[in-house]
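*Asks:* This is the structure, below, for whatever I ask next.
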Amino acid sequence: MAAERQNDRMRDMDDGLQGMLRDIRWEVEVTRRDIGKDALDERVMAAMAEVPRQRFVPEALRALAFHNGPLTIGHGQTISQPYIVALMTDLLEPRPDDVILEVGTGSGYQTAILSRLVKQVYSLEIIAPLAADAQARLAELGYDNVTVRQGDGYAGLPEHAPYDGIIVTAAAPHVPPPLVDQLKPGARLVIPVGLPGWSQELRVVEKRPDGGIRERDVLGVAFVPLTGGHGHPERG
Ligand code: SAH
């Protein structure tokens, strides 16, 4: 009986995951004009298929783990919508030898996705218990090429800079200059910019090989705010 129930649960999980991948492909199609592509990188989709999203959501919400929307993870924060995680990862254009900085670890889900695609991920989270939980979860699941630190990501992490790519998963009032400084020439910063609760744009900032900066806005998004010294003032 127990084994049957276990099999049922595995089948539900697999159905859920396949549904999530279908939803991502569908949403890519719907937004293809904005994002300028018909499909995301297959390596990114393979990472989305591989990382067990159900392990990154609170236990009480596991039944919703594959729903294509954000979910609460406590402390007023959320794990981002799967489509947005996939899109931001694709826009970063990760390569196997890359060293990536993430700002806004949250559950560690985006960190885990990146860890499948690059050599090393450094991730900064401002809320200490979230940083500790994410670090423990990632270690337990065997993602050993990631390092989570507690701190204000506005300043980046100069000690391991420059990076092959930087991803920010909280909405910033403006593009933080320290993060642009910490990009290698040819590298990208993917970041939502705008007001909390208002319109935010997912922006790709590219540092060209000659050091010049090119920016483009890809899609309207809704993220929790970047807090800390230079972020949005804390609310409530
Ligand atoms: N990538 C996460 C999404 C987390 S939501 C995931 O996959 O689960 C955004 C996270 O950014 C929150 O956990 C929030 O606490 C964190 N954050 C907000 N401002 C920050 C800052 N200045 N530095 C580092 N992390 C920050």
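*Asks:* Considering only region 136-162, state which residues are among the polar types (S, T, N, Q) and either over 23 Å from R95 (Cα atoms) or in contact (Cβ under 8 Å) with a residue 40 or more places away in the chain (or both). Don't jump to the end; show me each part of the working.
*Replies:* In the first step, residues of region 136-162 are kept if they are among the polar types (S, T, N, Q); the result is 145, 147, 150.
If the condition is that a residue be among the polar types (S, T, N, Q) and either over 23 Å from R95 (Cα atoms) or in contact (Cβ under 8 Å) with a residue 40 or more places away in the chain (or both), then Q150 is the only one that fits.
*Asks:* Go through region 129-145 and count every residue that is assigned to a helix (DSSP H, G or I), within 14 Å of the ligand (Cβ to nearest atom) and surrounded by 13 or more Cβ atoms within 10 Å (Cβ to Cβ). Talk me through it step by step, then tell me what you get.
*Replies:* Going residue by residue through region 129-145, those that are assigned to a helix (DSSP H, G or I) are 129-140.
Now drop any that are not within 14 Å of the ligand (Cβ to nearest atom), which leaves 129-135, 137-138.
Next, from what is left, pick out any that are surrounded by 13 or more Cβ atoms within 10 Å (Cβ to Cβ): 130-135, 137-138.
The number of residues fulfilling the criteria is 8.
*Asks:* Identify, from the list G228, G212, G186, the residue that is free of Cβ contacts under 8 Å to residues at least 24 places away in the same chain, open to solvent by less than 40 Å² (accessible area, probe 1.4 Å) and more than 20 Å from T89 (Cα to Cα).
*Replies:* On the way: G228 fails: free of Cβ contacts under 8 Å to residues at least 24 places away in the same chain; G186 fails: more than 20 Å from T89 (Cα to Cα).
Going through G228, G212, G186 in turn, the sole match is G212.
*Asks:* Taking the condition of being open to solvent by less than 10 Å² (accessible area, probe 1.4 Å) and near the ligand (Cβ under 9 Å from one of its atoms), how many residues in region 63-87 meet it?
*Replies:* First, the residues of region 63-87 that are open to solvent by less than 10 Å² (accessible area, probe 1.4 Å): 65, 69, 79, 82-83, 85-87.
Of the ones still in play, those that are also near the ligand (Cβ under 9 Å from one of its atoms) are 79, 85.
Total satisfying the criteria: 2.
*Asks:* Evaluate the following for Y109: is it without any contact (Cβ under 8 Å) to a residue 60 or more places away in the chain and under 18 Å from L91 (Cβ atoms)? Let's see the steps before the verdict.
*Replies:* Details: without any contact (Cβ under 8 Å) to a residue 60 or more places away in the chain: yes; under 18 Å from L91 (Cβ atoms): yes.
Yes, satisfied.
*Asks:* Considering each residue of region 28-52, count those that are closer than 16 Å to M88 by Cβ, out of contact with any strand residue (DSSP E or B) (no Cβ under 8 Å at 6 or more places or on another chain) and open to solvent by less than 40 Å² (accessible area, probe 1.4 Å), and give that number.
*Replies:* Number satisfying all stated conditions: 7.
*Asks:* Also, I was wondering about something else. Could you say whether any residue in region 150-160 is in contact with a Gly (Cβ under 6 Å, 6 or more places away or on another chain) and either in a loop (DSSP other than H, G, I, E, B) or on the phi > 0 side of the Ramachandran plot (or both)?
*Replies:* yes
*Asks:* Can you name every residue in region 53-70 that is under 19 Å from V28 (Cα atoms) and out of contact with any strand residue (DSSP E or B) (no Cβ under 6 Å at 6 or more places or on another chain)?
*Replies:* Quick first cut of region 53-70, residues under 19 Å from V28 (Cα atoms) only: 66-70.
F66, H67, N68, G69, listed by residue number.
*Asks:* Tell me, which residue of region 146-174 that is of a type in the set (S, T, N, Q) and within 13 Å of the ligand (Cβ to nearest atom) is most open to solvent (accessible area, probe 1.4 Å)?
*Replies:* Applying the first criterion (of a type in the set (S, T, N, Q)) to region 146-174 yields 147, 150, 169.
Among the residues that remain, those that are also within 13 Å of the ligand (Cβ to nearest atom) are: 150, 169.
Values: Q150: 107, T169: 20 Å².
Checking each candidate, the answer is Q150.
The values are calculated or read from the model by the stated rules, or taken from the named source; none is laboratory data. Given the structure is predicted, the values throughout are model-derived calculations rather than measurements. Every residue, glycine as well, gets a Cβ built from its backbone with ideal geometry; the counts of neighbours run over all protein chains shown. SASA here: full protein model, heavy atoms, side chains in, ligands and nucleic acids out. Shrake-Rupley method; radii C 1.70, N 1.55, O 1.52, S 1.80 Å.
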